[in-house]
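The values are calculated or read from the model by the stated rules, or taken from the named source; none is laboratory data. Note that this is a predicted model, so its numbers are computed, not measured. Positions of Cβ are backbone-derived with ideal geometry, glycine not excepted, and every protein chain shown enters the neighbour counts.
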Amino acid sequence: MTLSILDSIALALTMVVNMFVVMVAAAKGGNMRYTRGILQSVFMACFQALFLYAGVWIASLFRMGAPEYDKWLTAGVLVIMAVKLLAGVVKKEKVKEAIAITSFKSTLFLSIATSMNAFVVGMGMGFCFDPGQFVLSAVIIMVLGFLVSLVGVFIGRQNKAIPARMLVAVEALLLVEIAVKLFFELA
């Protein structure tokens, strides 16, 4: 079984929400030049794709070999990730108003920090899919991540408000949709 292009795009959209919110906060008030925004967007997009792929690859090493167990693990990890995201929305976790990206170190740190969810989702998907099936998904995530991050820079520089909690809720629902679809396709 392979991941369709539409499923890859849905997965990519779940991965890039964090990047978008972070880039809006980083560019808030015109504090970020576009060149810095482009550099940060490139780093975050590459790390998202790398972490997702690394998660898939590592989890594929620990497959049980029984599809019925592997599909439950995959769906379970995706649902747990979605519940974690929704819990943050319900608790009304504070979203940073502004983030300072002033050095290469902060660029690298933000790129890694926004990629942790991608790694966990990759781990979940790796129980059902081979790493070779995720090359296209990783590329789609990289391209969409870059574009969405640039949009985040533009919106942040304009001092526009974004519904960050609503975006995270959509991210969680997309993960649940992927888990349910995956479960029914493998059943």
Exercise. Of the numbered conditions (1) assigned to a helix (DSSP H, G or I); (2) more than 10 Å from F20 (Cα to Cα), F146 fails exactly one; give the number of that condition.
Key: (2)
Practice problem: Could you tell me whether the stretch 75-94 includes any residue that is at pLDDT below 80, among the acidic types (D, E) and buried (at least 16 other Cβ atoms within 10 Å of the Cβ)? | Solution: no
Quiz prompt | Residue under evaluation P131, criteria (1) closer than 15 Å to S4 by Cα; (2) loosely packed, with under 14 Cβ neighbours inside 10 Å; (3) at pLDDT 75 or above, criterion not met | solution = (2)
Practice problem: Give the residues of the stretch 158-182 that are closer than 22 Å to L39 by Cβ and in contact with a Lys or Arg (Cβ under 8 Å, 6 or more places away or on another chain), sorted by residue number. | Solution: N159
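What number of residues in the stretch 145-161 are of a type outside the set (K, R) and either more than 22 Å from V42 (Cβ to Cβ) or over 18 Å from the mean Cα position of the chain (by Cα) (or both)?
Start the filter on the stretch 145-161 by keeping residues that are of a type outside the set (K, R), which leaves 145-156, 158-159, 161.
Next, only the ones that are either more than 22 Å from V42 (Cβ to Cβ) or over 18 Å from the mean Cα position of the chain (by Cα) (or both) stay: 154-156, 158-159, 161.
The total comes to 6.
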